[in-house]
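Visitor: Let me begin by handing over the structure; questions about it come next.
Nothing in this text is a laboratory measurement; each read-out follows from the coordinates by a stated rule. Please read all numbers here as calculations on a predicted model, not as lab measurements. Neighbour counts run over all protein chains shown; Cβ positions are idealised from the backbone, glycine included.
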Amino acid sequence: MPSAPVTLPRRLTAPAPGWTTTADVVVVGSGIAGLTCALRLRERVDRVLLVTKTVLSAGSTTWAQGGIAAALHPEDTPEEHLEDTLTAGVGLCDVAAVRALVTEGPARVHELVALGAEFDRDAGGEIKLTREGGHHRDRIAHAGGDATGAEISRALIAALHRVVDDPGIEVVEHALVVDLLSTADGAICGVTLHVIGEGQVDGVGAAYGRAVVLATGGLGQIYTSTTNPPVATGDGMAAALRAGARVTDLEFVQFHPTVLFLGEGSTGQQPLISEAVRGEGAFLVDGKGARIMAGRHPLADLAPRDVVARAILDVMRDQGVDHVWLDARHLGRDFLAARFPSIVARCHELGFDPATELLPVAPAQHYASGGVETDLVGRSSVEGLYACGECSCTGVHGANRLASNSLLEGLVFAHRIADDVSARLAGGELPLRTPEVADGEAAVLDASRRLDVQRAMTRGSGPVRSADSTRGALSTLRDLALEPPTGVEPGPLTWETTNLLHLGQVLSLVALRREETRGGHVRSDFPERDDARWLTHLTATRAPDGVVALTERAVEAPS
């Protein structure tokens, strides 16, 4: 039985803007993508406004443990990196996007070093490289052992602070984007945002720009258990959806195989045990001590993440257990402490000792492979709107992200966006436009309903899904969307919850449509990959009447 259509409002219920500001470019988000884009734009355009949801260092980049992948070793090549990426993406990568990533990646990493990022070095002074799942070469650069994201974030924020007095760039923290502003013909010309501040810039305001760059990160808080920080509520993706932008591959959510299992009912951000731990020799076992990945894949415990997560889910189902075990004991206390200081410290805080104990692990939501569809220079389907990093869908990841490609994607495509925007501004292609008066339906869901959204998504559209489960999620989310907003006070927590609701509805819709198992999820009613039917991308677009339409686009053959 077909599900009822999914409809979305054009905007969230919010007060009218009480203040305005104007910039050439508004960049939303302060992870590797947003910071890189803003810093590069600042060199080329008159005025850049960088807004971030809480503080500059609070996004997902800071939490990246494993590292950044690039063909930095003399014996490695971009072509080999490309092949590993295409294999992980199980047939759905955009080859041109991947080629841009792997060929430009090494230079972008060296630029990070020149900016001040301090990667771990070997005895000869070269950047130390390690291996993670799906890679056939040691090509993962890391910093502080397992604190790569934190070091990259530190270096970029330090670079930003060095130009903080530059009138060409302004930073506004504690600024949650509510919606995108558009003209009568649909072009994006700014954002509405809520700022927690003092004086004029406080409450809801409007920031006008010739272009808007979304670098708002992922949607991990859509599930009950995730490795993502609390700010990952999909705000940019949801705002783009409501504004009519094409959102593609949203059903492909990566569930990291090895997240520390803290017991049934544990929700929110969960402790990640980096894939790099298996890269150094740790392995997965079941309750009887049997190696889980033996014979399942040529790379065994370093197989692509979807393969490992699926193997764990099979064991959990077959043995009726809620987790498996990661064995790192043979690596030794000294090595673990030196190579993975953050992970070891977190384990100790929670009462685990990886040097002497097996670690209980289970898959949890980790990364969104889909998002706002963009071309090779980051342009979305809507004029004036760009997207970068995890909130975007460049085609790099296909159905499943290769380990440590995410930081590189943010870096490479932020540069591409900055170059394209500055060239178009110089050519007069991006005029300052006037937004249309906000009208039509607005909606909001009370923040107290967030756990209901998360539970519906975890049960219905999680790592194991079916037609019945996704229809169940759609039914629950539709009921939540129809709840009258009587007495609901608009505000940041409520807007975040509504964004999760809207993304959950669309993700479940495309998850229902894709009748196969591919990438990060299992369709229990269609357990096999089906290249004859499903070498396609599913795109969701909100029509002017609010109905979400799905379209299919066949994967382009490599040129």
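Visitor: Based on other C-beta atoms within 10 Å, arrange S524, S369, S392, S153 from fewest to most.
Guide: S524, S153, S369, S392
Visitor: What whole number of Å gives the distance from the Cα centroid of the range 270-344 to the Cα centroid of the range 130-194?
Guide: With the range 130-194 and the range 270-344 each reduced to a Cα centre, they are spaced 30 Å.
Visitor: A further question on this structure: Tell me, how many Å apart are the Cα centres for the range 203-266 and for the range 75-125?
Guide: Cα centres, the range 203-266 to the range 75-125: 24 Å.
Visitor: For the range 442-554, calculate the relative contact order in percent as a whole number, restricting contacts to Cα pairs under 8 Å that are 6 or more residues apart.
Guide: 27 percent
Visitor: Further, regarding this structure: Do the sum for the chain: with -39,500 (n - 2.57) for every DSSP H run of n ≥ 4, divided by all residues, what is the mean residue ellipticity at 222 nm, to the nearest 500 deg cm²/dmol?
Guide: -10000 deg cm²/dmol
Visitor: Related question: Using the Cα gyration tensor of the range 407-548, with a ≥ b ≥ c the square roots of its eigenvalues, what is the shape: rounded (a/c below 1.5), prolate (a/b larger than b/c) or oblate (neither)?
Guide: Because a/c hits 1.5 or more and a/b fails to exceed b/c, the range 407-548 counts as oblate.
Visitor: Which whole-number percent is the relative contact order of the range 248-320 (Cα, under 8 Å, 6+ apart)?
Guide: The value is 30 percent.
Visitor: In terms of modelled amide H atoms, which long-range or inter-chain residues lie less than 5 Å from the amide H of G520?
Guide: V253
Visitor: Once you have a ≥ b ≥ c as the square roots of the Cα gyration tensor eigenvalues for the range 111-208, tell me rounded if a/c is under 1.5, and otherwise prolate or oblate according to whether a/b is larger than b/c.
Guide: Since a/c reaches 1.5 and a/b is larger than b/c, the shape of the range 111-208 is classed as prolate.
Visitor: Quick one: 3J(HN,Hα) in Hz for the range 88-104, Karplus 6.51/-1.76/1.60 with θ = phi - 60°, rounded, Gly and Pro as x.
Guide: Going residue by residue, I get 5, x, 6, x, 10, 6, 8, 4, 5, 5, 5, 4, 4, 4, 7, 7, 8 Hz, with x marking Gly and Pro.
Visitor: Something else about it: Can you give the relative contact order of the chain as a percent, counting alpha carbon pairs under 8 Å and 6+ residues apart?
Guide: 22 percent
Visitor: Per-residue HN-Hα couplings for the range 180-192, Karplus 6.51 cos²θ - 1.76 cosθ + 1.60 at θ = phi - 60°, whole Hz, x for Gly and Pro?
Guide: Result, ordered by residue: 8, 8, 9, 7, 4, 9, x, 5, 7, 9, x, 9, 9 Hz.
Visitor: Okay, moving on. Apply the Karplus curve 6.51 cos²θ - 1.76 cosθ + 1.60, θ = phi - 60°, to the phi angles in the range 39-49 and return the couplings in whole Hz, x for Gly and Pro.
Guide: 5, 6, 5, 4, 6, 10, 10, 6, 8, 10, 10
Visitor: Let me ask something else. Could you please rank R44, R401, R246, R533, placing first whichever residue has the fewest other Cβ atoms within 10 Å of its Cβ?
Guide: Fewest-to-most Cβ neighbours within 10 Å comes out as R533, R44, R246, R401.
Visitor: Rounding to the nearest 20 debye, state how big the charge dipole of the chain is about its Cα centre with +1 on each Lys and Arg Cβ and -1 on each Asp and Glu Cβ.
Guide: Result for the chain is approximately 480 debye, rounded to the nearest 20.
Visitor: Another question about this same structure. Amide H neighbours of L445 under 5 Å, at least 5 residues apart or on other chains, H built in the peptide plane: list them.
Guide: T498
Visitor: Positive end of the dipole of the range 106-152, charges at C-beta (+1 Lys, Arg; -1 Asp, Glu), about the Cα centre: which of T148, A117, T130 has its Cα farthest in that direction?
Guide: My answer, from the dipole projection, is T130.
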